[in-house]
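Quick notes on the structure that follows.
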Amino acid sequence: MTTHMDTTAIEEAKASNRDGGPREDRPEEVDEFLEPEEAVGFEEGLPLLDRPYEEYPDDPLTPDAGADVAALAGHELVGSVEDLAAELDTTEGKVRTALHLHDVEEPTAGSSFDSVEREGVIEVPLHGVIDVEHLRTPVYADARLLEHLYIRCGAGISEIKEILEDGMNAGRGGDKPRWSVTEAEIRSALEDVALISSEDTEGGDSERLRLGGATHDFSESGDTSPSSGLTVSTSDFE
């Protein structure tokens with residue numbers, strides 16, 4: 001397997017003065033991928049109730065919270081007491097008490113059992129699911145992943161942060177700390193692999209672009225033409 005970096009696209013990105021911002025002419029699929037959707041968890045994606053998170057009940061045990069507890073327990077994305085607690089930003093113990101108090105059945109078999117909601121993989125635009133074991137540690141330092149997101153997808157630094165944090169925290173149990181990365185860390189990583197220019201970067205781009213560990217193909221076909229960007233075999237991510 002070999003890694004193919006689209007050096008022409010990289011130079012064009014550096015010459016365009018993007019400086020870490022999103023690309024204007026990027027594929028429509030990337031914008032669709034980044035559009036917020038309903039998701040389980042307080043302030044994770046769009047709220048599951050039909051109002052802002054600020055208007056969620058402060059305490060699920062109060063009498064006027066019963067309708068909200070029932071609505072969330074019956075939501076198609078809520079598949080467990082853990083999901084309900086995450087959406088209400090409270091403890092599972094308090095949720096169980098609230099369910100009993102409001103005479104609401106425990107939620108079962110929601111989206112907790114669906115596709116990408118599992119730890120150890122991330123989903124990226126224009127490719128799909130990637131096993132993080134095939135990426136560098138930390139993942140934001142992987143040159144191939146950065147090239148795919150910044151060059152091929154045209155994502156900006158803040159969007160790369162969102163994609164990585166959403167992916168790394170998907171399916172992560174509540175007993176584990178949230179995975180996070182700063183925009184400054186992503187910018188530094190992009191500079192380290194010569195995808196954006198830094199004041200102290202002079203030459204060495206070819207050597208920097210070889211960083212990232214084992215090779216992968218983020219394209220479905222494995223096409224190594226310049227338009228396909230980074231090449232890595234999709235079998236590595238199955």
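Return a yes/no flag: does region 42-56 have any residue that is closer than 25 Å to Ile157 by Cα, at pLDDT below 95 and either open to solvent by 90 Å² or more (accessible area, probe 1.4 Å) or in a helix (DSSP H, G or I) (or both). Yes, region 42-56 contains a residue that is closer than 25 Å to Ile157 by Cα, at pLDDT below 95 and either open to solvent by 90 Å² or more (accessible area, probe 1.4 Å) or in a helix (DSSP H, G or I) (or both). The residue that is farthest from Cys153 (Cα to Cα), counting only those in region 5-34 that are modelled with pLDDT of 90 or more and open to solvent by 90 Å² or more (accessible area, probe 1.4 Å), is Asp19. Residues that are outside any helix (DSSP H, G or I) and within 23 Å of Pro27 (Cα to Cα) do occur in region 140-147, at least one of them.
Would you check if there is a residue in region 177-196 being at pLDDT below 90 and either under 24 Å from Glu43 (Cα atoms) or touching a His at 6+ places or on another chain (Cβ under 7 Å) (or both)? The answer is yes, given that some residue of region 177-196 is at pLDDT below 90 and either under 24 Å from Glu43 (Cα atoms) or touching a His at 6+ places or on another chain (Cβ under 7 Å) (or both). Looking at Val69, Val30, just one residue is touching a residue at least 12 places away in the same chain (Cβ under 8 Å), over 23 Å from Lys176 (Cα atoms) and in contact with a helix residue (DSSP H, G or I) (Cβ under 6 Å, 6 or more places away or on another chain), and that residue is Val69. The number of residues in region 148-185 that are assigned to a helix (DSSP H, G or I) and over 24 Å from Glu35 (Cβ atoms) comes to 2.
Scanning region 137-187 for residues being in contact with a strand residue (DSSP E or B) (Cβ under 9 Å, 6 or more places away or on another chain), farther than 29 Å from Glu87 by Cβ and either among the aliphatic types (A, V, I, L, M) or surrounded by fewer than 21 Cβ atoms within 10 Å (Cβ to Cβ) (or both) gives a total of 1.
The values are calculated or read from the model by the stated rules, or taken from the named source; none is laboratory data. Worth saying up front: this structure is predicted, and the values here are computed from it rather than measured. All Cβ positions, even for glycine, are placed from backbone atoms using ideal geometry, and neighbour counts span all protein chains on display. The accessibility values were calculated without ligands, DNA or RNA, using every heavy atom of the protein model including side chains. Shrake-Rupley method; radii C 1.70, N 1.55, O 1.52, S 1.80 Å.
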